[in-house]
Amino acid sequence: MSEISQRYEILRLFKILLASFLIFVLNVACSDSETTNTQVTVADAVVFVERVEKDSAEFNEYANRVFWVQENFITYDTNWLATKAGAEATELGVQWANEAKRFETLDLNPNLARKIEAIKLGVNVPAPEKEGAALELAELSVRMTSTYAVGKIDLGGVKVNRSDLEEMMGTVRDAERLQEIWTKWRDIPVATNDAGTTMKQDYARMVEIANAGAEELGYADLGAMWKSRYEMDPADFETETDRLWGQVKPLYDELQCHVRAKLNQNYGDEIVPLDQPLRADLLGNMWAQSWGNIYDLVAPEASDPGFDLTELLVGAGYDATKMMETGEAFFSSLGFDVLPETFWERSLLTKPADREVVCHASAWDLDFKDDIRIKMCTKVNAEDFRTVHHELGHNYYDRAYNTQDFLFRGGANGGFHEAIGDMIALSITPEYLKQIGLLERVPDASADIGLLMQQALEKVAFLPFGLLMDKWRWDVFSGATKPETYNDHWWELRRKYQGIRPPAKRSADSFDPGGKFHIPSNVSYTRYFVAAILQFQFHKAACDMAGWQGPLHRCSIYGSSQVGTRFNAMLEMGTSKPWPEALEAFTGTAEMNGSAVVEYFAPLMAWLQEQNANRSCGWE
Ligand code: X8Z
Ligand code: ZN
């Protein structure tokens, strides 16, 4: 060996030794679970995000189609398929979320950081990575949702389907009959299912698995994970929702007091005692969440609008398709493109007689492009006319942001998605109904209190319900409420926030939260509370843009393409920017605020305070 090659060989050996030493040092330094953090780069994050965007678009379209078929045709086999797809979706989502955590500490540009966060929060109900957990979670989920959806209830020997029972809560006026329907509906979550369990047991097990999944992803529990979607510290978000509730609570309290007094006149002291919370089955709705159906019982005598929207729709021969077309025409009047032909071919707009379906209304975006659809067991009435607009709002929002990168295709926050169609429905004024040929004569200002009362029974009555659904879940997920007190805590919150009580004592074994679609389906609910506030902010901003001068409840933005253009600009943003920026883009303010609700209902508030002046309000 020459001297040069000898020196070269020594150098080479030295280099190998140095490299081994460095690898050793790195391994020692990184030998705990934080391992790979130091090794990933921004470039890796870019590649990772690109891969997830591509793969999740592909997988989610497949899963959407499986779930669409299952919810339109509930059988043993479609449940089997949905369980399989659900488990796969959870496994993939959790795997991606865990991978995403590795990039959190890097200095990423805002877009990339938002996408990493979106991947982390991408699974609605996570399972831990432990073998079998995702499958068990999917089994529980499919079993709970199909238990909720299928079956009929025996009413005096007649089998009645659930969608008809919901409708009956709005039309029946006999207190005993209402109590029977209400109670039988709530027998379902405590009945033993095919797997030999009850919904309550399934729910408690689901909570265990989901909490373990959320903890693995770095959240205190599933509730903290859901709150994190609002781009705030979870505790701050809770404070924020309480602040909003504080703004509108005085209005709710006056409404509750007036409704109780009127129901007392109708049903008497025994059924509606004036010093007690209201009986939950007398409010025209299976969950006492919106009370529009009992307008006739609480209407202000001297302020009759002179028409009933349900009667107008029925009288004009509307059916589900015509209701949908009317909603579509509203969006068209703002400048939005008409719905694709496939919407009409592929949607399910009425309840099929020959098979089990999930009747709870939903809007779908199957391919994240333009395969948008609605699934709804539509009835021809005022409530469903509004729901049609609500669902269409989801579809138009989905379509507006479909050119964003895949991870930005979503609502600015959950509340935005729920508020879009509702904001449009606030424009269903008498003037608008006249414009579309449903109403002959627009009532004058003397009908304002009546019109506002109709609206308050829907919107103001909803607020505490919208809030307490997740207050209950937050307590369940945090472990503050255990299965033994699930039902008692539910009624504590119902009493505290809504001032309502069950028609008869409930046993601790009951699982009344399970009688509401969003609990077995794990759809978070604060979104609807937030939407109930936001829609009035949107409506006010839209009316200002349209140059409206009169009271807010008489304003309709029908036909205003100028509002449509600005509205679309907000919708197109999807989740690409923090939600306060989206809010500001449309309303000029970056804060959620209940003051638009207060302004909208101000004349009714004054009237209610007068009516309640000599009544003893409250229920504690
Ligand atoms: O679930 C819905 C929509 C589908 S996102 C029909 N809503 C909540 C409910 O029904 O409880 C709309 C209002 C609140
Ligand atoms: Zn919705």
inquiry  = I'm checking my understanding of the structure. Among residues of the range 324-375 that are of a type in the set (Val, Ile, Thr), more than 18 Å from TYR397 (Cα to Cα) and in contact with a Lys or Arg (Cβ under 8 Å, 6 or more places away or on another chain), which one is farthest from ligand 1 (Cβ to nearest atom)?
reply    = VAL357
ask   = Are any residues in the range 357-375 more than 11 Å from ligand 2 (Cβ to nearest atom), in contact (Cβ under 8 Å) with a residue 40 or more places away in the chain and assigned to a loop (DSSP other than H, G, I, E, B), and if so, which ones?
value = VAL357, VAL358, CYS359, LEU366, ASP367, PHE368
Residue count, the range 60-93 (criterion: open to solvent by less than 30 Å² (accessible area, probe 1.4 Å), assigned to a helix (DSSP H, G or I) and over 21 Å from ALA210 (Cα atoms)) = 5
key: Residue that is nearest to the chain's Cα centre (by Cα), among those in the range 591-620 that are open to solvent by 70 Å² or more (accessible area, probe 1.4 Å) and under 25 Å from TYR230 (Cβ atoms)   = GLU591
query = Would you call ALA585 outside any loop (DSSP other than H, G, I, E, B) and more than 30 Å from GLN404 (Cα to Cα)?
reply = no
task = Those residues that are out of contact with any Ser or Thr (no Cβ under 7 Å at 6 or more places or on another chain), surrounded by 16 or more Cβ atoms within 10 Å (Cβ to Cβ) and closer than 22 Å to ASN193 by Cβ, I need them from the range 126-135; list them, please.
result = ALA133, LEU135
ask   = Somewhere in the range 412-421, is a residue away from ligand 2 (no atom under 12 Å from the Cβ), open to solvent by 10 Å² or more (accessible area, probe 1.4 Å) and at pLDDT 95 or above?
value = no
task = Tell me which residues, restricted to the range 95-123, are in contact (Cβ under 8 Å) with a residue 24 or more places away in the chain, out of contact with any Ser or Thr (no Cβ under 8 Å at 6 or more places or on another chain) and in a loop (DSSP other than H, G, I, E, B).
result = PHE103, THR105, ASP107, LEU108
ask   = Among (1) open to solvent by less than 70 Å² (accessible area, probe 1.4 Å); (2) over 22 Å from GLN404 (Cα atoms), which single condition is THR105 missing?
value = (1)
ask   = Which of the residues spanning the range 153-201 are open to solvent by 60 Å² or more (accessible area, probe 1.4 Å) and within 21 Å of ASP384 (Cβ to Cβ)?
value = GLU166, GLU167, THR171, ARG173
ask   = Restricting the range 388-437 to residues that are of a type in the set (Asp, Glu) and not in a loop (DSSP other than H, G, I, E, B), which is farthest from ligand 1 (Cβ to nearest atom)?
value = GLU431
inquiry  = Among the residues that make up the range 229-242, is at least one of them touching an Asp or Glu at 6+ places or on another chain (Cβ under 9 Å) and within 20 Å of GLN95 (Cα to Cα)?
reply    = no
Cβ pairs under 7 Å, 6+ apart, first in the range 454-467 and farther than 18 Å from SER595 by Cβ and aliphatic (A, V, I, L, M), second open to solvent by 10 Å² or more (accessible area, probe 1.4 Å) and within 15 Å of ligand 2 (Cβ to nearest atom) = LEU457/SER290; ALA461/SER290
inquiry  = Looking only at residues that are among the acidic types (Asp, Glu) and assigned to a loop (DSSP other than H, G, I, E, B) in the range 300-340, which one is farthest from THR387 (Cα to Cα)?
reply    = GLU301
note = Only one of LEU451, LEU468, LEU407, LEU438 is of a type in the set (A, V, I, L, M) and either in contact with a His (Cβ under 9 Å, 6 or more places away or on another chain) or within 15 Å of ligand 2 (Cβ to nearest atom) (or both), namely LEU451
query = On the given criteria, is GLU391 touching a strand residue (DSSP E or B) at 6+ places or on another chain (Cβ under 6 Å) and either in contact (Cβ under 8 Å) with a residue 40 or more places away in the chain or within 13 Å of ligand 2 (Cβ to nearest atom) (or both)?
reply = yes
query = Out of all the residues in the range 505-544, which are assigned to a helix (DSSP H, G or I), more than 16 Å from ligand 1 (Cβ to nearest atom) and open to solvent by 30 Å² or more (accessible area, probe 1.4 Å)?
reply = LYS540, ASP544
request  = Answer with yes or no whether PHE385 is of a type in the set (Phe, Trp, Tyr), more than 16 Å from ligand 2 (Cβ to nearest atom) and either touching a residue at least 60 places away in the same chain (Cβ under 8 Å) or not in a helix (DSSP H, G or I) (or both).
outcome  = no
query = Pairs, please: C-beta under 7 Å, at least 6 apart or cross-chain, first residue free of Cβ contacts under 8 Å to residues at least 60 places away in the same chain and in the range 223-238, second among the hydrophobic types (A, V, I, L, M, F, W, C) and open to solvent by 10 Å² or more (accessible area, probe 1.4 Å)?
reply = PRO234/ALA224
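The values are calculated or read from the model by the stated rules, or taken from the named source; none is laboratory data. Every value quoted in this text rests on a predicted model; they were computed, and no experiment measured them. Glycine also receives a Cβ, built like all others from the backbone with ideal geometry; neighbour counts cover every protein chain displayed. Accessible surface is based on the protein model in full, side chains and every heavy atom, while ligands, DNA and RNA are left aside. Shrake-Rupley method; radii C 1.70, N 1.55, O 1.52, S 1.80 Å.
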